[in-house]
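K.L.:
A single structure is presented below for examination.
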Amino acid sequence: MAGGGDARRAGSLVTSALETIEAHGFRSLSWPAHLLAADLADGAAGGGSSRTATGGSAGTADEHRRRATCEVHALLRSADPEARRLAVASPWIPN
């Protein structure tokens with residue numbers, strides 16, 4: 001991120017997205033938002049801050065990654081075998 005204001009704005013947007021996803025049941029969209037929140041938390045922690053851009057402590061990055069992974073695995077259970085194979089091989093999908 002270019003600066004602290006950018007990280008705060010990104011954190012606000014991710015937090016808003018996660019709230020909307022939860023409120024409306026758009027679960028398939030939650031995993032990318034959780035990965036973004038984890039990256040923001042890592043960035044804030046790396047900068048010496050004990051608070052993240054999404055409002056949590058630096059330890060929330062692991063929780064966001066765990067939730068993203070759980071959601072991806074839940075989604076893959078309903079995917080066809082070829083989609084599952086491609087997802088498992090993809091570096092973009094958390095495992």
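K.L.:
Quickly run through segment 5-25 and pick out the residues that are surrounded by 13 or more Cβ atoms within 10 Å (Cβ to Cβ) and in contact with a helix residue (DSSP H, G or I) (Cβ under 9 Å, 6 or more places away or on another chain).
P.N.:
Passing the criteria: ALA7, ALA10, GLY11, LEU13, VAL14, THR15, ALA17, LEU18, ILE21.
K.L.:
If we only count helices (runs of 4 or more DSSP H) wholly inside the chain, which ones have 3 or more residues that are touching a Phe, Trp or Tyr at 6+ places or on another chain (Cβ under 9 Å) and at pLDDT below 95?
P.N.:
60-77
K.L.:
Output the qualifying pairs, or none if there are none: Cβ atoms under 7 angstrom, residues six or more apart or on different chains, first residue in segment 4-18 and without any contact (Cβ under 8 Å) to a residue 60 or more places away in the chain, second residue of a type in the set (Val, Ile, Thr).
P.N.:
Every condition considered, the pairs that remain are GLY11/THR52; GLY11/THR54; VAL14/THR54; THR15/THR54.
The values are calculated or read from the model by the stated rules, or taken from the named source; none is laboratory data. What you are looking at is a predicted structure, and each value in this text was computed from that prediction instead of being measured. Quick reminder, even Gly has a Cβ in these numbers, built from the backbone with ideal geometry, and neighbours come from all protein chains shown.
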